[in-house]
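Heads up: the structure comes next, in structure tokens.
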Amino acid sequence: MLCERCKRRPAVNEIQVVENGIPVTRKFCRNCTVELMSGYVPVVKRCPVCQMTQNELAHLRKAGCATCYTVFRDELIKITRQYQQGHDVHVGSIPDVLRTPDERIEERLHKLAGELQRAVEQEDYERAARIKKEIIQLKGQGEA
Ligand SMILES: [Zn+2]
Ligand SMILES: [Zn+2]
């Protein structure tokens, strides 16, 4: 099953999107998922499936559905780590979906997406262009 967006890479995530008012499930590769999530992200992240927000996630300390693991990947890793360090509570292992060989690149991409958004908000287009370039370079590595 190939990604329905780029039709090049294998699809690994099923994401429910609304098309013409009708929710449909689409299958995307990791790259496209990251792009979609970082492209038109509102300031507050929200899971498109269960509508969980970043704040709710931090409060509940658990994902609402499988898509949450994609949307709030960074947050969940942080929460899991905090929990295991700060409290003597075992909350289970990090789900497989969170562990990939290109984890480092994706983590960086996530960070850059945030920086890009900030740069655009601050109308610092020079910086935004630099960040975009770095994102494109990183994506090239991810595909290798
Ligand atoms: Zn794709
Ligand atoms: Zn969810």
Eligible lysines near K132 by straight Cα distance, threshold 29 Å, same-chain separation 8 or greater: K7, K27, K45, K78, K111
For the range 45-61, Karplus couplings with θ = phi - 60° (6.51, -1.76, 1.60), whole Hz, Gly/Pro x: 6, 9, 6, x, 8, 9, 6, 5, 9, 4, 5, 4, 4, 4, 6, 7, 6
Derived scalar couplings ³J(HN,Hα) [the range 67-82; Karplus, 6.51 cos²θ - 1.76 cosθ + 1.60; whole Hz; x for Gly, Pro]: 5, 3, 4, 7, 5, 10, 3, 4, 4, 5, 4, 4, 4, 4, 5, 4
Highest-first arrangement of 12-24, 51-63, where packing means the average Cβ count within 10 Å: 51-63, 12-24
Around V24: net Lys/Arg minus Asp/Glu count, Cβ-Cβ under 14 Å: 0
Amide H contacts under 5 Å for R5, placed H, 5+ residues apart: C29
Neighbourhood net charge (9 Å Cβ-Cβ; Lys/Arg +1, Asp/Glu -1) for I79: +3
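Just so you know, all these numbers are worked out from the coordinates, no wet-lab data involved. If you're wondering where the values come from, they're calculated on a predicted model, not measured in any experiment. Using ideal geometry, Cβ is built from the backbone for each residue, glycine included, and neighbour counts are taken over all protein chains shown.
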